[in-house]
C-alpha cells in the first residue's frame, strides 16, 4: 500500500470521517463501517484532504485541463484540489461546479465557475448509485467538453442492490470509457486494519462484509486512452 493511502485512512479515522460500528445503508444492508466526507469540515482537514486527492491523481497519471465538482459535496472537494495543485505543484487549475437549480438571472445557467472546456476531471466523495456522476458527464458533454476521469475518496468495491456482480463504479468505467480513481478502496482499508492489531474486531467484520457484498474479486483495471 502506498504511504499516502495509509496516511489517508489514519486521517479519516482521526477525523471521525471513517467510523466502525453498525450502519444501515440506503441499500438496506448493515455495514460495519461508514464514510462521511462531510465531516472534513474545518480548514485544516479540508486542506489536507485536497492534498490526498492530488496525490491519488498524480499517482494515476491522469491527464486533464480542469476540475468539476458535482453539487453539493463535490464543490468544496474540487476547490480544495485546485488549491492543492496551486500550492504544491504551482499549477493553477480552472474549476467549476453545477447548481441544483438553473439560474435565470445574472449570468444564468446551471454551471458556475470556469467555462467547461477540454478534458474535465470530476471530483466527488463516493459513488453509490452514480446518479450525480451520470448527470455531471452529460452536463460536461453538452457544453462541448469531455470527461477525463472521476476521482473519489473511497471505492467500497460493493455490488449494486441488484447483486449483478458489478458496482456503480464499474458501470461508469464501462459505459463512458473513463477511469474512476479512488484515494483508497475497501481492500486498502482491510490491508490497513490487518497491519494494526488494535483493529482485530473491525477487521473481522469488514472482511465478512466484503465477502458477502463485495464485487467478486478486485477488478482488473482496463486501460483507458
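Restricting to segment 145-190, and then to whatever is part of a helix (DSSP H, G or I) and more than 22 Å from residue 58 (Cα to Cα), can you tell me which residue is modelled with the highest pLDDT?
190
Quick check: anything in segment 13-31 part of a helix (DSSP H, G or I), closer than 19 Å to residue 187 by Cα and free of Cβ contacts under 8 Å to residues at least 60 places away in the same chain?
yes
Looking only at residues in segment 91-105 that are within 21 Å of the chain's Cα centre (by Cα) and surrounded by fewer than 16 Cβ atoms within 10 Å (Cβ to Cβ), which one is modelled with the lowest pLDDT?
100
The values are calculated or read from the model by the stated rules, or taken from the named source; none is laboratory data. Quantities reported herein were computed from a predicted structural model and do not represent experimental measurements. Positions of Cβ are backbone-derived with ideal geometry, glycine not excepted, and every protein chain shown enters the neighbour counts.
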